[in-house]
Amino acid sequence: MKLRTALMGAVASLAFAPAAFAERGADGHVSVLYWQAPSILNPYLSSGTKDVETASLILEGLAGFNEKGEVIARLAEDVPTVENGGITADLTQITWKLKPGLLWSDGSPVTSADAKFTYEYCTHPEGGCAQAARYEGISSIETPDDLTIVINFAAPKPNPYTAFVGGTSPILQAAQFANCLGAAASSCSDQNFMPIGTGPFMVTDFKVNDVVELVANPNYRDPAKPAFATMTIKGGGDAGAAARAVLETGEFDYAWNTQINPEQQAQMSAAGKGVLLNGFGTLVERIEMNMTDPSPDLAEGERSTTKHPHPFLSDIRVRKALSMAIDRQILVDIGYGSAGRPTCNLVPAPEMFASDNTDCLTQDIEGAKALLEEAGWTDTDGDGVRDKDGMKLRVLYQTSTNPVRQDFQAVIKDWWAEIGVETELKNIDASVYFGGDAGSPDTFQKFYADVEMYANNFDGTDPEPYLAQYLCNKIPGPDNQWQGENINRFCDPAYDALVDELSKTADMAKRGEIAKKLNDMLTKDSYVVVALVDRGRLSAASNTLGGVVLNTWDTELWNAQDWFRLK
């Protein structure tokens, strides 16, 4: 089947609000827990899910994805397709039409110029953009009138639903961000913390890494929505405390990412005040291998940069040995139960894009030892830690503070000790780790460690922009304010060429084949990404909160405008 056929049927409609849903703000206040507290409300300056999702209440794109992964219109009148004439037959152009009469929350009109500005903001040569892959392949954007946005691609673009689609690619108000282009982007605190948006809510107060207070946007395009007059997004604590606050005490209405073990899931659900929501999509817990040297002995600005290759993780045999030592089923059992599945893939779904890569599923301690021996790493002094040319095989393994992740660190440290690798563990407050502060040494983008663990996923059902994050030109560094998406600094011209081929391939079967090859190049062919668990999204909702529909293809707050209080 050609992707063009899929494009013709991409539009989907939704109706989740109850019949009684008639007056904006009638249901009072709603309280939401994002225990990984937001640190910024501009998704172009953070790859952290907690920042992207919170910002999605305020900033919107032309379209998004529903719970089935279908493209749905937001600021656009409809979703362009080949059939309706919005996409040219040669797939080199897509034309979006804004809904007439759209207003920013400050009452000024939304125009096509805002979209064009956003593209220029993210692609500015002197800046860094955490979502640059969303704009890959665009040659220009034209705005023939205030409501029309014409995106021109340098080559046929079979998947044109990237720029301005989904929570990671919203439209910024040009007037507010006009002085924030390039190197100035990260210093625009007022804009980044209090953006003017088109979403159902607007910010009234933001305490970084703590709490966001919001009110219903008086200029939201649906006069009856949102049902809630105010919303609080509270950060801090941990996943267990967040789940407990919804399921047991009832203090909060919704808790995101309740990453708790199976025993706790059953225990807390028994209280009867809320329910756990679980859905599989593309969320993968993984270990990223740093291909560059994070040594503190290097000068600031040179640590974890391509100027200095990693002294031992540059050897695929070491990376593969670390992967072989891991028992992924045990990780699932201790951390997720039915909300997790062992995986070797960075892209676990949809099925047509998922590789049959299963090589990593069987733990092989002896094979890992043999591989390290082959690479010249032996225990010459009998202390249990391998060495080579005077260097001990020691790794710094970092992740965010979270009980499940600390459990993972502990058992993986033991497995690595069995093969002669000494491991130092480090955990960092999630608000800092997943924040976009270029001045912090502890962000996952800065990657001042040998290996690090986290999970993320991609918008929609096509992995092209996600796989494009590993292009050579997406590597974080001081020249782009550490905002690149290629976290492990992997660089392979053959990979770049294959991503380019994917971007031009319309045949769906061939797209699937290419995506699988790209996945394998990052996983079983190189082990720069060591996939661990295909995680279901697990969040908690109060029994008194209506309209919640878990979405694994966009942000979890994708339909917050439709939430209401059950009487």
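Charged neighbours of P476, selected by a Cβ distance under 13 Å, balance to -1 (K, R count +1; D, E count -1).
Between the residues T292, F228, G281, the greatest Cα displacement towards the positive end of the dipole of region 208-316, with unit charges on the Cβ of Lys, Arg, Asp and Glu, is found for F228. Distance from the alpha carbon centroid of region 330-344 to that of region 159-212 works out to 35 angstrom. Per residue, region 469-567 exposes 30 Å² of accessible surface when a 1.4 Å probe is rolled over the protein heavy atoms with every protein chain present. When the chain is described by a simple charge dipole with +1 on each Lys and Arg Cβ and -1 on each Asp and Glu Cβ, the residue from A509, V71, V165 located farthest towards its positive end is V71. On the beta carbon distance between S269 and K567, with R0 = 25 Å, the FRET formula returns roughly 0.60.
Here region 152-307 is assigned +1 on the Cβ of each Lys and Arg and -1 on the Cβ of each Asp and Glu. Its dipole about the Cα centre then comes out at about 580 debye. Per-residue ellipticity at 222 nm computed for the chain from its helices equals -6000 deg cm²/dmol, with DSSP H segments shorter than 4 residues left out and the rest contributing -39,500 (n - 2.57).
Pairs with C-alpha atoms separated by more than 23 Å, drawn from the list K157/K516; K320/K388; K234/K474; K116/K446, are K234/K474; K116/K446. Net charge in the neighbourhood of D534 (other residues with Cβ under 9 Å of its Cβ; Lys, Arg +1, Asp, Glu -1) is +1. For I260, I334, the ranking by accessible surface with the largest value first comes to I334, I260, using a 1.4 Å probe.
If R0 is 56 Å, what FRET efficiency do you get for H29 and D492 from their C-beta distance, rounded to 0.05? According to the calculation, E is roughly 0.65. By accessible area, using a 1.4 Å probe on protein heavy atoms only, the chain has 50% of its surface on carbon and sulfur. Based on protein heavy atoms only, region 278-437 ends up with 41 Å² per residue of surface accessible to a 1.4 Å probe. Computed from Cα positions, the angle between helix 493-504 and the longest principal axis of the chain comes to roughly 30 degrees. Protein-only accessible surface at a 1.4 angstrom probe places the residues F564, F447 in the order F564, F447, largest first. Each DSSP beta bridge with both residues in the chain is either parallel or antiparallel, and the antiparallel ones are about 75%. Applying a DSSP loop filter and a limit of 14 other Cβ atoms within 10 Å to the trypsin sites (Lys or Arg not before Pro) in region 254-317 leaves K307. The distance between label points at D383 and A299 comes to 3.1 nm (points 7 Å beyond Cα on the Cα→Cβ vector).
With coordinates expressed along the principal axes, the C-alpha atoms belonging to region 455-528 extend over 39, 26, 24 Å, beginning with the largest.
Among S105, I141, T523, whose Cα lies farthest out toward the positive end of the dipole of the chain, if unit charges sit on the beta carbon of Lys, Arg (+1) and Asp, Glu (-1)? Selected residue: S105. Annotation for region 82-166: GluC sites (Glu not before Pro) lying in DSSP loop with at most 13 further Cβ atoms inside 10 Å of their Cβ are E126. Sorting S431, S140 by solvent-accessible area of protein heavy atoms yields S140, S431, largest first, with a 1.4 Å probe. Restricting the chymotrypsin sites (Phe, Trp or Tyr not before Pro) of region 20-96 to loop positions (DSSP other than H, G, I, E, B) with no more than 15 neighbouring Cβ atoms within 10 Å leaves nothing.
At a Förster distance of 56 Å, what's the computed FRET efficiency of T230 paired with E351, Cβ-Cβ distance as r, to 0.05? Between T230 and E351 the formula returns 0.85.
From the Cα trace of the chain, what convex hull volume per residue do you get, rounded to a whole Å³?
Spread over its residues, the Cα hull of the chain gives 135 Å³ apiece.
Net charge of the neighbourhood of S112, taken over other residues with C-beta under 14 Å away and scored Lys/Arg +1, Asp/Glu -1, is -3.
The values are calculated or read from the model by the stated rules, or taken from the named source; none is laboratory data. Source: prediction; values computed, not measured. Ideal geometry is used to build each Cβ from the backbone, glycine not excepted, and the neighbour counts take in all protein chains shown. Protein only, heavy atoms only, side chains kept; ligands, DNA and RNA dropped before computing areas. Shrake-Rupley method; radii C 1.70, N 1.55, O 1.52, S 1.80 Å.
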